Amino acid sequence: MIRIKTRAVPRLLAALLAAVVVSAGSTVAVANAVPALPGLPPGPAADPFYAQPPSLTQYKMGDVVDSRPVALRDIPARTNPTAWQVKYVSQDTNGKPWTTVATIIRPEGGAQLSKLLVFDPWIDALDTRCNPSYQLRAGAGFMAGTGMVSELPDLIALLDRGYTMVVPDYLGPDNQFTAAYVEGRNTIDGARAALNFAPAGLSPTTPVGMFGYSGGARGTEFAAELAPAYAPELNLVGVVAIGIPVSLANSGLHMNKSLFTGIDVSSAFGLGRAYPELDVPAMFTDPDLGDKIGSVCNAEAMATYAFADGRDMTVNRIWPLDEPKMAAVVASIVAGKLGTPRAPLYLGVGANDEVALPQDNDALAADYRRRGVDLTYEKFPVVNHPTSIGVAALPSMEWLAARLDHA
């Protein structure tokens, strides 16, 4: 039996509130998603800082191409943080270099500033305004409309532990949602960028931890799989992945005709961006659907398509993930297939999770144990996907701190 410690209750209440807002207040989500609030910074598409350089041949993965100090809005940490954005080099599924952006945050007087914590919030959307580099500058009013406000309690809790933090736009500059290699590589290179950025005061041997939930867990878990081959120099001492959808095929089918149908739609088009040979837009009857789903954040996508049947949107009512080429891609990026984690790994899932299916997490945990992975696996009773982070946050942070603080 899991006992919830008192300090976890505010986080649990925040998660429950987020679940109620999304599931019961869809009209609120639609009204506020990607809101036109006064004083917002220009979106990434209109901000020259995000532009791709004409050439990247002289750079390595994780190199910093450009940087700027930024002000974060509505981050009520105990100490006043200093923040920068860095444009760094990473790559797409095929290994083609590109640049994406990460936000580096140093809490003033932090007790663990010599340690780096990579925080991957869920993005789960195709519009670049949904990425954390933009949302952290846009503030809580904007994040309330997109849904990412529910990630603030964990971001703040980790900042208050005193770590230097990096929050990468790990879906890349084109928001290739659910493209596993993109999610993992761009997370790793975000860590490399923070280590390479002199004002952060870190070094190549700095101990690194990672924390992610839901879509963010995809970034951290795939980073753990890829790191031994992709970044063997990275001193990765612990990785947390809460609520990871292990198999897109299994989770996608289970999410159809539910609150989470909109995530299915975003996922299909995200994969289509990473694998254009799949011709995902041709699978759908609405020729403008890609533009529609590509111009909203997660909360609006969920509200718009809640409880819809994805087959009603497709040509001849096909299920896109069953199409042979798509099925082959999806089968190749099941969690556990990209590599074997070398760093200690914490997997957590709610017993009633309807996105990160518990049976798939059970199978992944068993597979990792057979491979000798240093694994802590927790299944939390009663809770579902939106509420699981409220219960899992504190024990997983304590687990990570035990490895990061004394490294």
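The values are calculated or read from the model by the stated rules, or taken from the named source; none is laboratory data. What you are looking at is a predicted structure, and each value in this text was computed from that prediction instead of being measured. In this analysis, Cβ positions are derived from the backbone assuming ideal geometry, glycine residues included, and neighbour counts consider all displayed protein chains.
Which of the numbered conditions does residue 82 fail, given that it passes all the others? Conditions: (1) touching a residue at least 40 places away in the same chain (Cβ under 8 Å); (2) surrounded by fewer than 19 Cβ atoms within 10 Å (Cβ to Cβ).
(1)
Among helices (runs of 4 or more DSSP H) lying entirely in region 129-187, which contain 3 or more residues that are surrounded by fewer than 24 Cβ atoms within 10 Å (Cβ to Cβ) and either more than 13 Å from the chain's Cα centre (by Cα) or at pLDDT below 95 (or both)?
140-146, 152-160
Name the residue that is farthest from residue 225 (Cα to Cα), counting only residues in region 345-359 that are of a type in the set (A, V, I, L, M, F, W, C) and in a loop (DSSP other than H, G, I, E, B).
We begin by selecting, within region 345-359, every residue of a type in the set (A, V, I, L, M, F, W, C); these are 345, 347, 349, 351, 355-357.
Then drop every residue that is not in a loop (DSSP other than H, G, I, E, B), which leaves 351, 355-357.
Numbers: 351: 24, 355: 21, 356: 18, 357: 20 Å.
By that ranking, first place goes to 351.
Limited to region 278-305, what total is found for residues that are outside any helix (DSSP H, G or I) and within 26 Å of residue 142 (Cα to Cα)?
Here the count works out to 5.
Please specify each residue of region 268-315 satisfying the condition of being within 20 Å of the chain's Cα centre (by Cα) and not aliphatic (A, V, I, L, M).
269, 270, 272, 273, 275, 294, 295, 297, 298, 300
What do you reckon, is residue 382 crowded, with 19+ Cβ neighbours inside 10 Å and among the β-branched types (Val, Ile, Thr)?
In short, no.
Restricting attention to region 209-216, does a residue exist that is part of a helix (DSSP H, G or I), in contact (Cβ under 8 Å) with a residue 40 or more places away in the chain and surrounded by fewer than 23 Cβ atoms within 10 Å (Cβ to Cβ)?
Taking region 209-216 and keeping what is part of a helix (DSSP H, G or I), we get 215-216.
Applying the additional criterion that residues be in contact (Cβ under 8 Å) with a residue 40 or more places away in the chain yields 215-216.
After this cut, where a residue has to be surrounded by fewer than 23 Cβ atoms within 10 Å (Cβ to Cβ) as well, the list is none.
Within region 209-216, none of the residues are part of a helix (DSSP H, G or I), in contact (Cβ under 8 Å) with a residue 40 or more places away in the chain and surrounded by fewer than 23 Cβ atoms within 10 Å (Cβ to Cβ).
Quick grid of which residues meet (1) of a type outside the set (D, E, K, R); (2) outside any helix (DSSP H, G or I); (3) buried (at least 18 other Cβ atoms within 10 Å of the Cβ):
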site	(1), (2), (3)
307	yes, yes, no
311	no, no, no
331	yes, no, no
343	yes, yes, yes
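Could you look through region 360-406, keep only residues that are basic (Lys, Arg) and not in a helix (DSSP H, G or I), and pick out the one that is nearest to the chain's Cα centre (by Cα)? Step through it out loud before you land on a result.
Initial filter on region 360-406 (basic (Lys, Arg)): 369-371, 379, 403.
When the remaining residues are screened for being not in a helix (DSSP H, G or I), the result is 371, 379.
Working: 371: 26, 379: 20 Å.
Ranking the qualifying residues of region 360-406, first place goes to 379.
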